[in-house]
Number of protein chains: 2
Amino acid sequence: MQPLKALHVPARTIMTPGPVEVDPRVLQAMSRSILGQFDPAFTAIMNDTMEGLRRVLQTQNQWAYPIDGTSRAGIEAMLCSIIEPGDRVLIPSFGRFGGLLAEITERCGGEVHMIHTEWGTVFAPDTIIAAIKETEPKVVAMVHGDTSTGRIQPLQEIGYACREHDCLFIVDAVATVGGTDVKTDDWMIDGLITGTQKCLSVPSGMAPLTYNHRIEEILMERKSIEQGLVTGEQEELNHQRRIRSNYFDLSQLQEYWSPARLNHHTEATAALYGLYEGLRLILEEGLEQRFERHRTNERALVAGIEAMGLTLFGDPGCKLPTVTCVEIPEGINGETVRAMLLEDFAIEVASSFGPLHGKIWRIGTMGYSCQKKNVLQTLAALEAVLLRLQVKIPAGEAVQAALDVYKQVEYEKVSH
Amino acid sequence: MQPLKALHVPARTIMTPGPVEVDPRVLQAMSRSILGQFDPAFTAIMNDTMEGLRRVLQTQNQWAYPIDGTSRAGIEAMLCSIIEPGDRVLIPSFGRFGGLLAEITERCGGEVHMIHTEWGTVFAPDTIIAAIKETEPKVVAMVHGDTSTGRIQPLQEIGYACREHDCLFIVDAVATVGGTDVKTDDWMIDGLITGTQKCLSVPSGMAPLTYNHRIEEILMERKSIEQGLVTGEQEELNHQRRIRSNYFDLSQLQEYWSPARLNHHTEATAALYGLYEGLRLILEEGLEQRFERHRTNERALVAGIEAMGLTLFGDPGCKLPTVTCVEIPEGINGETVRAMLLEDFAIEVASSFGPLHGKIWRIGTMGYSCQKKNVLQTLAALEAVLLRLQVKIPAGEAVQAALDVYKQVEYEKVSH
């Protein structure tokens, strides 16, 4: 039998909406040696990670910890822990990931009420508030930034409305946390989920989430203890309202992340090291400085794309700063362009889903990938590929336009 | 606001039933740079990982891939994908992790029929076969090696019986794969789950599993496609039998791991690199050689424990070769000993659960932790701690007894 080949990981410039490049400090952290899950040195890292998450998620919530799984594991954990069969859930959807919220809610037995807006736009808050009044849901679940359309939904008014109408406000902030402002507490978000592989710039595999006492109350009502761990007085606590998943049962998970250290699972050691180092990097950079870096690189990218004569997709008033959607020029196969970018330039940009499949490219500017050199190289490569395919675009303009932006930003800083 | 502290990971000798130490090659692999999930260089690693898993799991099954989550994520994925509300599931339990199977089955809506045997023993196959005849279950789910009691259940006859009575045989082999023989196909196991952080010796965070066409048939019957990915002819495929979890839906996951590359989640990049390198190491060592290494170190450890005058817990006829359970001497607080081992010697051994809590220590000899130096250091340290606590044990005997075993094994090899 042939031995398995050596691991082959070519270097890439990753300009997609995730997974994105990772700071070498994070990669180095992930190669640290193993600690037992109840080793005080490890539980200290768990506690410090919770503190880092609270700061990055801008919350005073006690509970802020990662689910060991990819982003949608966090979404499912949140939804299945609070939604019981028959619960009404309002899902205002403006892209693919609204559909995912609906899909997960349905599988939890929730009664889904969806409202839609055209892909490329987001909702006026009043539309959502009217739907809340009409459906009187237990939960409003929605996406903050939907990478499928490159749009961002303002949340503040919706958060207030949810509190006013006594429903829970759950937000999928996978595409935004760490790249643009997400104010969990100020916006009255009850439960928020994010992922590691986008603007947190940590490898995929963890889904940090946070929730407040309103959600904790539901968890405590639904709590049950695992067989084989039950001793003495703790008897049959299982009941009808029990959370349908063991792995995603937040009532158990919060005990694992509390001083009680309930033995639920074995925390993903290396992934936690990586998350912790990623959070450290974010806090060292500073949230506002980090958001500004994301805005600057987005501005440069957009200037370059426009200088090439390409068209941006969607309503510019609600553009997600971490993803730029570009219409594929007529007569061009978007996949041919992506393949040339990857094979010749080792640069990856993304295609899209559903109704936008084959119609737009999506270029991410997230986390460690969100760098001047990456933006400039991507513009230069995209221009070269399009010229090679005989698309009529002006040569040499894109990178110059982007450089102008960087110069302008420097000037603004100095003259400030 | 204080910055987060630098990541602090002290070196440890980890002699628990997991998580265990990891070969530096695995840690190095995990620090490689990110690849996009549909990058051909990454999908090649996915395919090669499947091939490596087939070999290590001793199966010809097409489907062998990891769930992105810890071991119990794999167990839940397997159970929730095949168990529908009301399905009868027979669970013969001989320790804590049988209880976990029951707990997850119940949450899936399955009708649990449990049989128990005293902790420290396993089942005679006839007992299980009689229970199969009596309950006529759809599924028999059981643990192969239960770390809570340090016992291993022979599976071959049960596998045959399950096939004969047309029920599915699901095995939790988290504690055994990579450390002792697990013959998925020969033992007629329909679905098998393992974890990374034990004998595969890869950090926690992935749960490799495999299943055959009997299970795939059920998955295909229950399959549905996610909203937002549905296009054109694919219409409302959701139905009553739909799997209750999106994240753990094996029908979707196998499409992600197939050439179709259904966009389900973003594969945990670094974790997959680690798993792949771990599998490579196992296959380079050779399965039989690896099992022999585990047997030798276990033998040395047991000899040392016995030379110290300590008592092993449980029926020696079904001892799990990768975990050694030691009764805590009377009058001694097991946690004091564990704390001294960790603080003074940087060695970690485990306590136990439920009825055995405070009664036994569990010493693992798994994967990269299963080394001569670790066994000798652990024996020396345990002896020193017990002497320090004035337990009456012979001084100096334990390590000598273990060294004798290693010498004897060398001699057997040479004279073979």
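The values are calculated or read from the model by the stated rules, or taken from the named source; none is laboratory data. This is a predicted model, so every value here is computed, not measured. Here the Cβ is made from the backbone with ideal geometry for all residues, glycine too, and neighbour counts use every protein chain on show. Only protein heavy atoms, including side chains, enter the accessible area calculation; ligands, DNA and RNA are left aside. Shrake-Rupley method; radii C 1.70, N 1.55, O 1.52, S 1.80 Å.
Could you check how many residues of the stretch A:7-51 are in a loop (DSSP other than H, G, I, E, B), out of contact with any Pro (no Cβ under 8 Å at 6 or more places or on another chain) and facing chain B (nearest Cβ under 8 Å)? Talk me through it step by step, then tell me what you get.
Looking only at the stretch A:7-51, we keep the residues that are in a loop (DSSP other than H, G, I, E, B), and these are A:7-12, A:15-23, A:31-39.
Going one step further and asking which of them are out of contact with any Pro (no Cβ under 8 Å at 6 or more places or on another chain), we end up with A:7-12, A:15-18, A:20-21, A:23, A:31-33, A:38-39.
Still in the list and also facing chain B (nearest Cβ under 8 Å): A:7-12, A:16, A:18, A:20-21, A:31-33, A:39.
Matching residues across the stretch A:7-51 total 14.
A:GLN58 meets the conditions (1) more than 20 Å from A:THR210 (Cβ to Cβ); (2) open to solvent by 40 Å² or more (accessible area, probe 1.4 Å) in every case but one. The failed one is (1). Under the condition of being at the interface with chain B (Cβ under 7 Å from one of its Cβ atoms) and part of a helix (DSSP H, G or I), the residues counted in the stretch A:244-273 number 4.
Looking for something closer than 30 Å to B:PHE42 by Cβ, more than 14 Å from chain B (Cβ to nearest Cβ) and outside any loop (DSSP other than H, G, I, E, B) - is there at least one such residue anywhere in the stretch A:190-199? Looking for residues that are closer than 30 Å to B:PHE42 by Cβ, more than 14 Å from chain B (Cβ to nearest Cβ) and outside any loop (DSSP other than H, G, I, E, B), one finds at least one in the stretch A:190-199, hence yes.
Considered as a group, the residues in the stretch A:314-344 that are assigned to a helix (DSSP H, G or I) and small (Gly, Ala, Ser) include one that is nearest to the chain's Cα centre (by Cα), and that residue is A:GLY317. For the stretch B:117-132, the candidate set comprises residues that are in a loop (DSSP other than H, G, I, E, B) and touching a helix residue (DSSP H, G or I) at 6+ places or on another chain (Cβ under 9 Å); within that set, the residue that is farthest from B:ILE215 (Cα to Cα) is B:GLY120. Taking the stretch A:355-414 as the range and being part of a helix (DSSP H, G or I), more than 24 Å from A:GLY331 (Cβ to Cβ), open to solvent by less than 30 Å² (accessible area, probe 1.4 Å) and within 14 Å of chain B (Cβ to nearest Cβ) as the test, the residues that pass are A:GLY367, A:SER369, A:ASN374. One residue alone among A:GLU288, A:GLU284, A:GLU306, A:GLU327 is open to solvent by 10 Å² or more (accessible area, probe 1.4 Å), free of Cβ contacts under 8 Å to residues at least 12 places away in the same chain, of a type outside the set (A, V, I, L, M, F, W, C) and more than 30 Å from B:LEU272 (Cβ to Cβ), and that residue is A:GLU288.
Tell me yes or no: at least one residue of the stretch A:39-52 is in contact (Cβ under 8 Å) with a residue 12 or more places away in the chain, in contact with a Ser or Thr (Cβ under 9 Å, 6 or more places away or on another chain), small (Gly, Ala, Ser) and open to solvent by less than 20 Å² (accessible area, probe 1.4 Å). For the stretch A:39-52, residues in contact (Cβ under 8 Å) with a residue 12 or more places away in the chain, in contact with a Ser or Thr (Cβ under 9 Å, 6 or more places away or on another chain), small (Gly, Ala, Ser) and open to solvent by less than 20 Å² (accessible area, probe 1.4 Å): absent.
Among the residues of the stretch A:138-171, those that are open to solvent by 10 Å² or more (accessible area, probe 1.4 Å) and not hydrophobic (A, V, I, L, M, F, W, C) comprise A:LYS138, A:PRO154, A:GLN156, A:GLU157, A:TYR160, A:ARG163, A:GLU164, A:HIS165, A:ASP166.
Inside the stretch A:1-38, residues that are in contact with a helix residue (DSSP H, G or I) (Cβ under 7 Å, 6 or more places away or on another chain), in contact (Cβ under 8 Å) with a residue 24 or more places away in the chain and over 14 Å from A:SER201 (Cα atoms) make up a count of 5. Screening the candidates B:THR135, B:THR180, B:THR176 for the property of being within 30 Å of B:MET15 (Cβ to Cβ), of a type in the set (S, T, N, Q) and either open to solvent by 20 Å² or more (accessible area, probe 1.4 Å) or in contact with a helix residue (DSSP H, G or I) (Cβ under 9 Å, 6 or more places away or on another chain) (or both) yields one hit, B:THR180.
Among the residues of the stretch A:69-87, is any within 7 Å of chain B (Cβ to nearest Cβ) and assigned to a loop (DSSP other than H, G, I, E, B)? The answer is yes; a qualifying residue exists.
Of all the numbered requirements in (1) open to solvent by 10 Å² or more (accessible area, probe 1.4 Å); (2) farther than 28 Å from A:THR269 by Cα; (3) under 12 Å from the mean Cα position of the chain (by Cα), A:LYS198 misses one, and that requirement is (2).
This table checks each residue for (1) assigned to a strand (DSSP E or B); (2) farther than 30 Å from B:ARG293 by Cα.
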{"residue": "B:PRO137", "(1), (2)": "no, yes"}
{"residue": "B:VAL140", "(1), (2)": "yes, yes"}
{"residue": "B:GLY159", "(1), (2)": "no, no"}
{"residue": "B:CYS162", "(1), (2)": "no, yes"}
{"residue": "B:PHE169", "(1), (2)": "yes, no"}
{"residue": "B:ASP181", "(1), (2)": "no, no"}
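Filtered by the rule that a residue be more than 15 Å from B:CYS167 (Cβ to Cβ) and free of Cβ contacts under 8 Å to residues at least 60 places away in the same chain, the stretch B:65-85 gives a lone residue, B:PRO85. Selection of the stretch A:77-106 for residues being charged (D, E, K, R) and open to solvent by 10 Å² or more (accessible area, probe 1.4 Å) yields A:GLU84, A:ASP87, A:ARG88, A:GLU106.
In the set (1) over 30 Å from A:VAL202 (Cβ atoms); (2) crowded, with 22+ Cβ neighbours inside 10 Å; (3) more than 12 Å from chain A (Cβ to nearest Cβ); (4) touching an Asp or Glu at 6+ places or on another chain (Cβ under 8 Å), B:TRP63 fails one condition alone, (1).
Pairs only if they're at least six apart or on different chains, beta carbon under 7 angstrom, first in the stretch B:334-361 and on the phi > 0 side of the Ramachandran plot, second assigned to a strand (DSSP E or B); list them, first residue then second. Between residues of the stretch B:334-361 that are on the phi > 0 side of the Ramachandran plot and residues that are assigned to a strand (DSSP E or B), the close pairs are B:ALA346/B:THR13.
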